[in-house]
Structures are given as C-alpha cells and as structure tokens.
Amino acid sequence: MRITATKDNLVLGVTAVQKAVSSKTALPILSCIRIEAKDNFLYFTGTDLDIGIQCYVPVDIISEGIAIVTARHFSEIVRRLPDVPIEIHHNNENEITIKYEDSQLVIKTLQDNDYPNFPEVIGENKIQVKAAVLRNMIKQTTFAAGNDEGRPLFTGILFEYEEKIIRLIATDTHRLALRQGTVENNITETGSCIIPAKILNELARLMHDDDDICLINITKNLISFKIANILIISRLLEGQFPNYRQVIPNKYNLKIKTRSKKFQESVERISLFTALNDNSNTLQIQINENMLVISSQSELGQGYEQLSIDAVGEPVNIAFNARYLLDAFKVIDADIISIEFTGPLSPCIIRPAESENFICLLLPVRT
C-alpha cells in the first residue's frame with residue numbers, strides 16, 4: 001500500500017473510528033485500526049466486536065493495500081503531523097512508513113488476517129431520517145438512560161418505527177424521555193429494538209451536516225447507521241423493554257406554563273442549597289394559584305425563589321431531584337414549557353408548550 005493524503009483527512013478518519021476501538025482487551029488486535037486503500041479512498045475501521053465504525057476519506061492511491069496499526073499510537077502520531085502532504089507506505093507485513101517534508105516515521109503493524117470481519121447488515125427495514133432530526137432526538141432522550149452495567153437493558157434506548165414515525169424512549173426508572181420524529185420515506189414494517197445509548201451518542205457526534213440523510217438498517221440482532229462517509233454497526237440489546245405507556249399519566253390535576261430558561265436558572269440557584277450528603281439533590285416546589293415557589297434547606301443554608309406562572313388546577317407541594325429537572329430543561333428546545341402534575345407522589349410530565357413530540361416524565365422524591 002502506498003498513498004498520499006492530507007493531515008485533515010487522516011485525522012478525520014482516525015477520530016471517527018477510534019471510539020469503537022477497545023481500550024481494555026486481552027486481544028491486541030482489537031486495540032488496532034484497520035486501514036485499507038482502495039477505489040481512491042482510504043477506509044478506516046475500528047471494532048470491539050459489539051460496535052464497529054467505518055469511515056472513508058479521499059486519498060491519492062499509488063498502490064492499494066491493507067495495514068493494521070495500533071489505534072492509540074497511530075492517532076497520536078497523525079494528530080501531531082504538520083499540515084503538509086503525507087505519504088504512507090506499507091511495504092511489508094510488519095511496519096508502515098510515514099513520510100512528510102524531509103522526515104520519516106516508522107510504525108510497527110500487525111497481521112491483517114487476524115482482524116475481525118466487519119459485519120454487513122442487510123435488513124428489511126430501511127429507514128431514512130434527516131441528520132438534524134435524528135441528532136435532536138438523540139439529545140432529548142439519551143440523558144435519561146441508565147449507566148448501571150448491571151442493568152444493561154436500561155442503558156439502552158427503545159427504538160420504535162412505523163409508517164412515517166420513529167420514536168426513541170429512554171428510562172433509568174427514575175425518569176423517562178420520549179421523542180418522536182418523522183422520516184423521509186414510508187417504513188414498510190412496524191417494529192422495535194433496543195439500541196445501546198452510547199452508540200446513539202457516538203452517532204450524534206459524527207453527524208456534521210444537518211441536511212445529510214441517515215440510512216438505518218435493522219436485523220434480528222444488529223443495527224447499522226450509514227450517513228455521509230461513515231458507517232456504524234452495533235449489536236442490539238436483548239430483553240423486554242418496560243411498557244412505558246403504562247407509566248405515562250393520561251390525566252392531570254394541575255397544569256402550569258412557564259418560561260423554560262427562567263425556571264432553569266431558578267432551579268440552578270436553589271439547588272446550591274441541597275444537602276451535601278443527599279444524592280437526591282432534593283428541592284421543594286409549591287404551586288398555589290399562579291405562583292410557584294422553589295425552595296431548599298440544608299446545613300449549607302436555605303433559599304427560595306418565586307416565579308409567576310399560568311396554572312390551571314389544584315395546588316400541589318412536591319419534591320424533585322434538582323439534577324433531573326435541570327437535565328430535562330437543558331434539552332427542551334422551547335421558550336415556554338408546560339408541566340402536568342397528578343399529585344405529590346405521582347410522576348409529572350414536562351413538555352414544550354407548543355409541541356407533542358417530546359415529553360419527559362419525572363418521579364418525585366419522597367420526603
């Protein structure tokens with residue numbers, strides 16, 4: 001293999017696939033990146049057997065070939081190269097040579113026949129969705145997923161699809177986020193699967209153009225996302241996702257509307273008074289007529305703030321985890337939000353006042 005490339009393209013390829021490379025593995029080959037020169041492109045591939053990412057960038061190819069390089073070492077070198085034409089030459093099975101200006105670096109390589117095959121996902125369900133829509137859906141749901149590897153199902157996102165609609169649903173059992181979006185094509189089948197949240201976060205990171213179309217394919221145990229010059233393939237999580245529809249209240253006793261930013265800023269200030277030794281970060285909310293009072297008291301001191309709101313329904317006193325409230329506010333793209341309460345010990349629903357596409361359900365803290 002002999003190619004000439006720009007530094008920017010090499011960095012782009014390495015950065016795209018590096019998150020799929022295993023950092024802790026007993027198999028040295030899984031800590032490597034596979035680079036292959038063919039058809040006027042350099043293909044970068046990384047995998048840990050659960051997730052695989054492939055990215056291709058344009059290069060000038062003198063001769064085609066494959067090389068397996070240690071991901072961490074190769075990426076550190078590439079990022080520190082000068083912004084000049086870079087020549088990469090792999091002339092035997094043990095090393096590649098990187099030449100630039102009057103300089104030369106030599107990197108040891110591994111055998112390419114030991115590198116795992118990149119799986120091909122040929123699914124019946126081809127879903128086309130705009131990058132801007134999918135990235136926003138990911139942002140508005142993955143924050144609510146769990147991070148306890150002992151409960152892997154809750155580290156995943158339920159993905160539902162039907163006709164022109166897709167939904168992402170996440171829950172850690174203390175909160176739930178649901179975001180619905182429309183697709184660019186008619187989906188021929190109705191179905192669902194559970195995608196690891198970390199895969200969707202990585203996909204969102206790799207989306208650069210809002211107008212790009214992401215093509216999604218699904219099989220029994222794999223899902224693939226193809227967007228621009230990047231392909232991501234991941235194993236699906238197995239198990240039965242909780243019936244989220246059962247926990248979403250279909251009626252409320254009190255509904256309020258308020259400005260999202262003002263509410264968020266008040267919660268941020270009052271949360272500074274939550275107890276140091278209380279992981280629930282509890283703050284109290286009291287609503288009576290058109291006035292909302294946020295308060296907290298601990299060994300640090302006490303504070304409260306009043307907000308004018310539009311309210312319809314019965315007064316309520318309720319307590320919430322401040323961090324969970326803030327997480328919801330940060331992903332709502334709306335100036336005005338509505339919050340629906342069903343009682344002091346029942347979940348509330350937070351949503352944009354003018355949209356039905358997103359909801360966040362929060363369980364109160366028992367005090």
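Tabulated values for the structure
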| quantity | calculated |
| --- | --- |
| Residue pairs meeting the criteria (Cβ under 6 Å; at least 6 apart or on separate chains; first under 16 Å from Tyr115 (Cα atoms), in the stretch 59-85; second among the hydroxyl-bearing types (Ser, Thr, Tyr) and surrounded by fewer than 16 Cβ atoms within 10 Å (Cβ to Cβ)) | none |
| Residue within the stretch 343-365 that is more than 25 Å from the chain's Cα centre (by Cα) and outside any loop (DSSP other than H, G, I, E, B) present | no |
| Qualifying residue in the stretch 23-30 (condition: buried (at least 22 other Cβ atoms within 10 Å of the Cβ) and in contact (Cβ under 8 Å) with a residue 12 or more places away in the chain) | no |
| Qualifying position, being touching a Leu at 6+ places or on another chain (Cβ under 8 Å), modelled with pLDDT of 95 or more and more than 27 Å from Leu236 (Cα to Cα), among Val11, Val57 | Val57 |
| Checking Val17 against (1) in a helix (DSSP H, G or I); (2) modelled with pLDDT of 95 or more; (3) surrounded by fewer than 22 Cβ atoms within 10 Å (Cβ to Cβ); (4) β-branched (Val, Ile, Thr), the condition it does not meet | (3) |
| Filter pass, Pro352 being touching a residue at least 12 places away in the same chain (Cβ under 8 Å), of a type outside the set (Lys, Arg) and either in contact with a Leu (Cβ under 9 Å, 6 or more places away or on another chain) or in the same structural domain as Lys139 (by TED's automatic domain parsing) (or both) | no |
| Filtered residues of the stretch 229-272 (kept if over 24 Å from Asn201 (Cβ atoms) and among the polar types (S, T, N, Q)) | Asn243, Gln246, Asn250, Asn253, Thr258, Ser266, Ser271 |
| Ile62 being outside the structural domain of Phe225 (by TED's automatic domain parsing), under 21 Å from His90 (Cβ atoms), touching a Phe, Trp or Tyr at 6+ places or on another chain (Cβ under 6 Å) and aliphatic (A, V, I, L, M) | no |
| Residue match in the stretch 290-306 (condition: among the acidic types (Asp, Glu), more than 18 Å from Gln140 (Cα to Cα), modelled with pLDDT under 95 and in a loop (DSSP other than H, G, I, E, B)) | yes |
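Every residue, every condition in (1) outside the structural domain of Glu314 (by TED's automatic domain parsing); (2) aliphatic (A, V, I, L, M); (3) farther than 30 Å from Val293 by Cβ, yes or no:
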{"site": "Arg205", "(1), (2), (3)": "yes, no, yes"}
{"site": "Ile232", "(1), (2), (3)": "yes, yes, yes"}
{"site": "Gln264", "(1), (2), (3)": "no, no, no"}
{"site": "Thr274", "(1), (2), (3)": "no, no, no"}
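The values are calculated or read from the model by the stated rules, or taken from the named source; none is laboratory data. In this text the structure is predicted, and so the values were computed from the model without any measurement. Using ideal geometry, Cβ is built from the backbone for each residue, glycine included, and neighbour counts are taken over all protein chains shown.
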